[in-house]
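Asker: Input: one structure, supplied below.
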Amino acid sequence: LSMDQAGAELRLPAISLTAPGWRMLSGLIVILAAVGIFSMLNSPYFRIEAVEVKGLQRLSPADLTSALNLENLSIVEIDRKAVLDDILQKYPELKDVKVSVFMPNLVSISAAERQPVFAWQKGEETRWVDAEGVVFPARGEAGPLVTVYSESDLPLMAQPEALPETSESDAGAEEAKTQTSLLSPLPSAEKTSPAAALPKADPVLIAAAQGLSQVLPPETRIVYHAVHGLGWNDAQGWQVYIGKDLNQFEAKYAMYQDIASYLAGQGIRPSLVSVEHLNAPFYRLEQ
């Protein structure tokens with residue numbers, strides 16, 4: 001401070017003031033956000049203690065939650081879509097799955113179970129098939145089902161063939177199509193989720209097995225051979241095969257009865273009788 005006398009000044013202690021800018025404000029926000037995230041990750045208030053599961057009957061909710069392993073995670077660590085995809089991949093017998101996340105620490109899962117209409121047993125392994133043809137592991141009790149016993153895997157529906165490679169002459173059309181597709185809405189989560197890639201059984205074979213179960217006695221054991229197709233264990237101790245569909249079943253069954261009568265009259269005891277081809281039936285003796 002200048003004094004009245006010339007050349008005289010008075011100096012006082014002072015603190016310089018700094019005007020905060022946008023960088024300082026942004027840095028403060030980042031620091032506060034980091035502190036908040038750290039607090040949420042480590043605070044027991046935001047930690048998941050249990051997962052709510054609705055809609056299950058055969059499958060145990062405890063089995064589902066233990067496979068997902070969501071307990072003791074913070075609510076901010078939950079990726080709803082990742083949890084949904086994990087459920088559909090590990091439990092293909094579930095459909096209409098919904099995952100909801102609520103603050104501060106609640107995760108709710110609702111789902112419906114596919115109802116099996118057909119069973120395929122290979123050794124000790126049993127797989128079920130629902131009305132849509134979706135194949136999934138047998139878990140729980142489903143009541144009496146049409147069951148096929150086989151040493152082979154269940155034949156699956158053929159997957160769509162890959163699109164052919166485009167030639168250079170179609171490059172312009174492909175480029176135009178790409179530009180148009182960029183303006184189209186993104187595909188929904190259902191089309192890109194694991195549910196779209198679920199294995200499905202061969203519908204022709206499933207329909208044939210169900211139809212065969214209706215024309216044979218209830219106690220008849222239906223079998224399947226990878227080469228000879230569907231058949232059954234005859235009460236006299238051999239196996240009968242009719243092919244992989246029920247086309248001309250009446251004619252095949254009548255031919256089998258004639259062959260069985262002939263073999264009984266000759267005292268021949270076969271191990272296998274095949275009428276899958278009407279013009280070339282055959283029987284095989286025990287080896």
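Asker: Would you kindly calculate the mean projected area, averaged across all directions, of the convex hull enclosing the Cα atoms of region 6-103, in square nanometres?
Answerer: 11.1 nm²
Asker: Can you give the three extents of the C-alpha atoms in region 208-274 along their principal axes, from longest to shortest, in whole Å?
Answerer: Answer, in whole Å and largest first: 33, 25, 21 Å.
Asker: Shifting gears a bit: Once you keep just the Cα pairs under 8 angstrom separated by 6 or more residues, what percentage relative contact order results for region 44-156?
Answerer: RCO, region 44-156: 26 percent.
Asker: With Cβ to Cβ distances under 13 Å as the rule, what net charge do the other residues near residue 108 carry (K, R +1; D, E -1)? Write down the numbers at each step before the final one.
Answerer: Numbers: positive: 54, 80, 98; negative: 52.
Net charge around residue 108: +2.
Asker: Further, regarding this structure: Going by amide H atoms built from the backbone, whose H comes under 5 Å of the H on residue 222, apart from near neighbours?
Answerer: Placed amide hydrogens put 149 under 5 Å from residue 222.
Asker: Something else: From the phi of every residue in region 220-237, what ³J(HN,Hα) in whole Hz does the Karplus formula 6.51 cos²θ - 1.76 cosθ + 1.60 yield, where θ is phi - 60° and glycine or proline is x?
Answerer: 5, 8, 7, 10, 9, 10, 4, 9, 8, x, 7, x, 7, 8, 5, 5, 7, x
Asker: If Lys and Arg each add +1 and Asp and Glu each add -1, what is the summed charge of the other residues whose beta carbon sits under 14 Å from the beta carbon of residue 278?
Answerer: Summing Lys/Arg as +1 and Asp/Glu as -1 gives -3.
Asker: Whole Å is fine, so just give me how far the alpha carbon centre of region 225-283 lies from that of region 30-54.
Answerer: When both Cα centres are located, 67 Å separates them.
Asker: Mind listing the long-range amide H neighbours of residue 118? Cut-off is under 5 Å, sequence gap 5 or more, other chains count too, H placed in the peptide plane at 1.01 Å from N.
Answerer: Result for residue 118 returns 129.
We did not get these values from a lab; they are worked out from the coordinates using the rules stated. Quantities reported herein were computed from a predicted structural model and do not represent experimental measurements. In this analysis, Cβ positions are derived from the backbone assuming ideal geometry, glycine residues included, and neighbour counts consider all displayed protein chains.
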